[in-house]
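> Below is a structure I'd like to ask you about.
Just so it is clear, none of the values below were taken in a lab; they were calculated from the coordinates. In this text, all values refer to a predicted model and were calculated from it rather than measured experimentally. Cβ coordinates were reconstructed from backbone atoms using ideal geometry, including for glycine residues, and neighbour counts include every protein chain displayed.
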Amino acid sequence: MTQHQVLEYDVVVIGAGGAGLRAAIEAAAKGASVGLICKSLLGKAHTVMAEGGVAAALANVDDRDSWKVHFADTMRGGHYLNAWRMAELHAKEAPERVRELEGWGALMDRTPDGLINQRNFGGHAYPRLAHVGDRTGLEMIRTLQDHGIHEGIDVHMEVTVSKLLMDGGRCAGALAYDRELGRFKVFKAKAVVMATGGIGRAFLVTSNSWEYTGDGHALAYEAGAELVDMEFVQFHPTGMVWPPSVRGILVTEGVRGEGGILKNSEGRRFMFDDIPPLYKESTADTPEEGWRYVIGDREARRPPELLTRDHVARKIVKEVQEGRGSPHGGAFLDIAWIQEHIKDSEDHIKKKLPSMYHQFKELAGIDITKEPMEVGPTTHYAMGGIRVDSDSQMSTTVPGLFAAGECAAGLHGANRLGGNSLSDLLVFGKRAGEYAAEFSAGNTPVHLQDEQIDLAVQEALSPLERDPGADVGPYRLQYELQQLMQDKAGIAREEDGLAEASDELQRLKTRAQAMGTSGSREYNPGWHTTLDLQNLITVAEAVVMASHARKESRGAHSRLDYLDKDPEWGTVNLVLKKGHDGEMELRREGIPEIPKELRKIIEEQG
Amino acid sequence: MKTTTFKVWQGNSDGGELKTYEVEVDQGYVVLDAIHRIQAEQVNDLAVRWNCKAGKCGSCSAEVNGSPKLMCMTRVDELPADKPITVEPMRTFPVVKDLVTDVSWNYEVKASIKRFSPKTADHEDGSWDMDQYDVERSQEFRKCIECFLCQDVCHVLRDHQLHDRFAGPRHYVHVANMEMNPIDTGDRVAELREELGIGYCNITKCCTKVCPEGITITDNAIIPLKERVVDQSYDPLARLIKLVKGSGD
């Protein structure tokens with residue numbers, strides 16, 4: 001038998017970003033004993049990088065806003081593939097989830113009346129994003145962290161889960177190792193909440209942090225959970241493109257919310273050239289009307305830069321492909337131009353977008369109060385993930401396994417609106433924690449077999465026992481995977497490329513499984529990367545398989561060989577599951593019919 | 001592309017040494033890029049902590065040419081080109097391996113500090129009215145990314161190792177954030193004076209200088225807190241009032 005420490009909890013939460021922290025807080029509040037596992041140090045998770053704001057229909061800035069408008073905006077933005085019940089719960093509960101943060105120490109920017117201020121964002125009909133400058137994610141994660149550390153939660157920092165443990169068909173815990181010494185820990189739990197975030201590290205150009213290796217997606221899949229909507233990977237339209245070392249770092253949509261405009265190399269504001277029919281009525285006709293919207297004219301319609309992310313990203317790519325891009329293959333994003341309208345624009349920009357100012361100044365030598373930025377699409381968010389029950393967030397196929405935040409799917413459909421991820425992780429983090437605690441209280445203790453644990457330990461240790469010199473090493477292999485996904489399964493996809501990607505992934509998988517790594521078990525990033533690679537390849541396989549199957553372009557999924565939306569695909573989600581033979585299986589599943597009252601809301605909101 | 005010489009500290013709690021690497025440096029490279037290149041091409045198990053590589057998470061703190069820095073925000077072309085660039089772990093904390101240090105002490109200190117406690121909400125929906133002017137004081141402190149560079153540079157911790165009686169600048173910023181929050185009702189003055197040991201700080205402002213977020217730690221957080229400690233603890237009139245009221249601490 002292998003040596004390992006056993007830790008037992010009612011609820012174990014894997015991942016300590018916004019969703020994981022919120023779930024842990026709720027589970028503890030419901031009386032459960034809670035273990036919280038973070039891959040990094042506490043408070044460093046990817047939530048920290050969210051910038052623009054958290055979407056909630058507080059109606060503090062525009063009293064025409066309500067949960068109904070937020071619901072309709074979310075569904076429209078997701079091209080109606082969303083799990084409508086999640087979209088409903090999200091829109092209804094987000095305001096309360098945001099307000100309660102201030103009771104835990106958060107300090108959002110204010111309106112002149114002293115209420116929480118809200119800003120414009122793409123796809124949201126009214127100013128809806130509560131924010132703190134452009135560091136909203138930091139505010140949220142620190143608030144949840146500082147509240148959570150007083151709630152009796154056991155935090156396990158720099159601990160990585162390598163496998164979910166099962167008791168029959170029920171999720172019963174997880175095997176993990178600590179980074180510092182490579183010691184194994186068995187977390188035994190009656191309920192497990194997966195909150196591991198996204199998959200961006202499967203792509204070369206990404207805004208995502210180191211940890212985003214699809215761990216939760218892959219671990220849940222291996223344990224028998226269904227994945228859904230995996231073809232929908234959001235490419236945020238504005239990442240940095242120059243210099244090369246910062247390529248992909250996010251430039252917040254808040255820049256456009258504050259009046260930033262997109263121009264091509266000819267100085268043309270190209271976003272006015274092509275407005276999708278779904279948004280024709282709600283988009284400004286002239287730059288003048290667009291500016292009036294930015295400064296809060298309720299009669300004005302939003303500028304085309306604030307269309308949804310899928311559309312804006314595609315338009316930038318088009319400009320570049322047709323030879324009108326910026327010098328380093330992007331478009332120009334100009335916020336400095338607002339000096340035409342605002343007297344002290346320099347101070348205004350620094351105050352509204354402090355970290356953007358800082359980021360461009362330090363990393364690119366650009367002063368955004370005076371010059372335009374160069375921006376281009378960057379892999380940003382996985383709409384797809386673990387398929388869950390809309391109310392409880394429990395996996396549709398694995399009892400005792402819950403998921404929340406980016407690693408869960410359903411809320412965003414084919415495309416996520418900016419600001420809806422931070423509200424997602426609050427609303428569904430809370431729900432996952434609540435229902436996990438309830439499940440734990442209502443179910444018998446779990447039993448773990450030693451053989452299962454021993455096998456999982458051996459699997460995790462195997463890279464250290466193989467020859468490290470036999471292949472290119474884990475980092476280079478990850479690079480090859482990223483290049484492959486970027487080229488063949490990125491923002492523009494087609495049949496042949498996806499088929500090639502599928503074949504190449506099988507070869508990469510074989511190589512990754514044979515990968516050896518040098519060094520010891522003590523804080524060895526080479527070993528960790530080798531293990532991460534297995535997860536990355538599993539999610540890459542899921543993305544490629546679903547992208548190959550969906551023969552239309554919708555939301556974030558663009559097929560060069562099927563350029564249009566196909567109504568037949570508009571009622572179908574793609575569900576992936578591990579088959580009995582160990583191969584990934586895909587099936588189409590019809591979206592349940594939307595209740596009459598929700599349909600009415602969508603129709604009323606146009 | 002040009003080649004730059006890096007000297008990177010490698011070792012563990014038993015000791016270690018600077019090892020020399022020649023690294024090809026692309027345009028715009030930051031120190032963390034160079035470390036990653038060494039890791040990918042030469043030393044696969046080189047230990048370095050990092051997450052966002054965008055100056056937002058505060059994970060990749062180290063000493064670059066002897067100065068506390070975030071490796072992801074330190075551009076190679078802004079360092080002197082005529083000598084090797086040294087990269088070492090933060091000195092104030094115990095080394096785990098290579099560039100990674102054990103910063104867990106900071107998390108323990110924070111958990112020991114009296115938590116945020118809001119007054120009753122102003123509205124039925126659980127919200128409070130706050131003026132932008134009033135929230136901005138604390139918002140400055142809430143920019144902190146917990147990189148612990150201020151802790152690393154502070155001589156009370158770095159040279160005198162008073163970790164058991166001095167909380168350090170990061171935690172005074174944390175306390176200031178709560179004390180100046182318009183809706184907080186907590187009083188942490190006695191704690192500041194006793195357990196958190198703010199008196200050991202002799203305002204040399206080293207912490208302010210290294211803060212990557214530009215927080216004016218000394219002037220805006222520490223000095224006002226010190227004043228509160230003095231006012232409450234040593235003001236004879238205040239002490240008399242406390243004695244009479246019988247609520248002395």
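> Placing unit charges on C-beta atoms (Lys and Arg positive, Asp and Glu negative, everything else neutral), compute the dipole magnitude of region B:104-245 about its Cα centre in debye, rounded to 20.
With only Lys, Arg, Asp and Glu charged at Cβ, the dipole is about 600 debye.
> Regarding chain B, what's the average projected area of the Cα-atom convex hull, expressed in nm²?
Taking a quarter of the hull surface, the average projection is 16.9 nm².
> Compute the Cα gyration tensor for region A:377-471, then decide on rounded, prolate or oblate, letting a ≥ b ≥ c be the square roots of its eigenvalues: rounded whenever a/c is under 1.5, prolate when a/b is larger than b/c in the other cases, and oblate in all that remain.
On the way: a/c = 3.25, a/b = 1.25, b/c = 2.60.
Oblate.
> For A:Gln506 and B:Ala111, what is the calculated FRET efficiency with R₀ set at 56 Å and r taken between the beta-carbons, to the nearest 0.05?
My answer for the efficiency is 0.75.
> Just report the Cα centroid separation between region A:491-540 and region A:1-27, whole Å.
What the calculation gives is 26 Å, centre to centre.
> Let a ≥ b ≥ c be the square roots of the eigenvalues of the Cα gyration tensor of the protein assembly as shown; is it rounded (a/c under 1.5), or, if not, prolate (a/b larger than b/c) or oblate?
Rounded.
> Tell me, what is the percent relative contact order of chain A, built from C-alpha pairs under 8 Å that lie six or more residues apart? Walk me through the intermediate numbers first.
Working: 1439 pairs, mean separation 131.0, N = 606.
RCO, chain A: 22 percent.
> Compute the separation of the alpha-carbon centres of region B:1-58 and region B:71-147 and state it in Å as a whole number.
23
> What lysines sit close enough to A:Lys190 to cross-link, taking a C-alpha to C-alpha distance under 16 Å and skipping anything fewer than 8 places away on the same chain?
Filter leaves A:Lys30, A:Lys163.
> Would you mind checking which residues have amide H under 5 Å from B:Thr86's amide H? H placed 1.01 Å from N; only 5 or more apart, or other chain.
Under 5 Å from the amide H of B:Thr86: B:Lys7, B:Asn65.
> Which residue fluctuates most in the GNM of chain B (Cα springs below 10 Å): B:Thr92, B:Thr101, B:Thr204?
B:Thr204
> State the Cα centre-to-centre distance between region B:176-246 and region A:148-200 in whole Å.
A separation of 39 Å, based on Cα centres.
> While we're on this one: I need the shape label for region A:241-379. Rule: rounded when a/c is under 1.5, else prolate if a/b > b/c, else oblate, with a, b, c from the alpha carbon gyration tensor.
Oblate, because a/c is 1.5 or more while a/b does not exceed b/c.
> Further question on the same structure: Long-range amide H contacts for A:Arg183: which residues qualify at under 5 Å (H placed 1.01 Å from N, peptide plane, sequence gap of 5 or more or a different chain)?
For A:Arg183, the qualifying residues are A:Asp178.
> Residue separation times 0.36 nm, minus the C-alpha to C-alpha distance between A:Glu96 and A:Ser282: what's the value?
Additional length available on full extension: 64.2 nm.
> Report the local net charge at B:Arg37: Lys and Arg +1, Asp and Glu -1, summed over other residues whose C-beta lies under 14 Å from its C-beta.
-2
> Short version: ³J(HN,Hα) in whole Hz for each residue of region B:131-144, in order, from phi by Karplus 6.51 cos²θ - 1.76 cosθ + 1.60 (θ = phi - 60°), x for Gly and Pro, what are they?
Calculated HN-Hα couplings, in order: 7, 4, 4, 6, 6, 5, 4, 6, 4, 4, 6, 7, 6, 4 Hz.
> Next question. Given the pairs A:Lys39/B:Lys209; A:Lys350/B:Lys53; A:Lys430/B:Lys143; B:Lys7/B:Lys56; B:Lys114/B:Lys226, which are separated by over 19 angstrom at their Cα positions?
Details: A:Lys39/B:Lys209 31 Å; A:Lys350/B:Lys53 22 Å; A:Lys430/B:Lys143 25 Å; B:Lys7/B:Lys56 26 Å; B:Lys114/B:Lys226 17 Å.
Pairs exceeding the cut-off: A:Lys39/B:Lys209; A:Lys350/B:Lys53; A:Lys430/B:Lys143; B:Lys7/B:Lys56.
> Length gain on complete extension for the stretch A:Asn443 to A:Leu455, per 0.36 nm per residue less the alpha carbon to alpha carbon distance?
1.7 nm
> Based only on Cα atoms, what Rg/Rh ratio does region A:455-513 have, Rh being taken as Kirkwood's radius?
My calculation of the ratio gives 1.09.
> Which residues' amide hydrogens lie under 5 Å from the amide hydrogen of A:Ser162, considering only partners 5 or more residues apart or on another chain, with H built in the peptide plane?
A:Leu175, A:Ala176, A:Tyr177
> Still on this model: Just add up the charged neighbours of A:Lys92: K/R +1, D/E -1, any other residue whose Cβ is under 15 Å from the Cβ of A:Lys92.
Spelling it out: positives minus negatives among the neighbours equals -3.
> Another question, then. Name every cysteine in the protein assembly as shown that ends up alone, with no second cysteine's Cβ under 4.7 Å, or say none.
Lacking a cysteine Cβ partner under 4.7 Å: A:Cys38, A:Cys171, A:Cys407, B:Cys60, B:Cys72, B:Cys144, B:Cys147, B:Cys154, B:Cys201, B:Cys206, B:Cys211.
> Tabulate in residue order the Karplus-calculated ³J(HN,Hα) for region A:104-117, using 6.51 cos²θ - 1.76 cosθ + 1.60 with θ = phi - 60°, rounded to whole Hz; enter x for Gly and Pro.
9, x, 5, 9, 7, 5, 10, 7, x, 7, x, 8, 5, 7
> Give the Kirkwood hydrodynamic radius (Å, one decimal) of region A:511-562, defined as one over the mean of 1/r across all pairs of different Cα atoms.
13.5
> A:Lys351: which aspartates and glutamates have alpha carbons under 15 Å from its alpha carbon, excluding same-chain residues fewer than 8 sequence positions away?
A:Glu51, A:Asp109, A:Asp134, A:Glu258, A:Asp367, B:Glu136, B:Glu140, B:Glu213
> Taking just the alpha carbons, could you work out the radius of gyration and Dmax for region B:104-245, both in angstroms?
Taking only Cα atoms of region B:104-245, I get Rg and Dmax of 15.9, 52 Å.
> Mind listing the phi-derived Karplus ³J(HN,Hα) values for region A:366-379, rounded to whole Hz, using 6.51, -1.76 and 1.60 with θ = phi - 60°, and x for any glycine or proline?
10, 9, 5, 7, 10, 10, x, 9, 9, 9, x, x, 9, 4
> Using 1/(1 + (r/R0)^6) with R0 = 30 angstrom and r between the beta carbons of A:Ile295 and A:Arg324, what's the FRET efficiency to the nearest 0.05?
Using R0 = 30 Å, I get an efficiency of 0.55.
> Over the Cα atoms of region B:2-101, what Rg and Dmax result, in angstrom?
12.4, 37
> For A:39-49, what's the mean count of beta carbons from other chains sitting within 10 Å of each residue's beta carbon?
6
> While we're on this one: Report the calculated FRET efficiency for A:Glu266 and B:Glu78 (r = Cβ-Cβ distance, R0 = 30 Å), to the nearest 0.05.
After rounding to 0.05, the efficiency reads 0.30.
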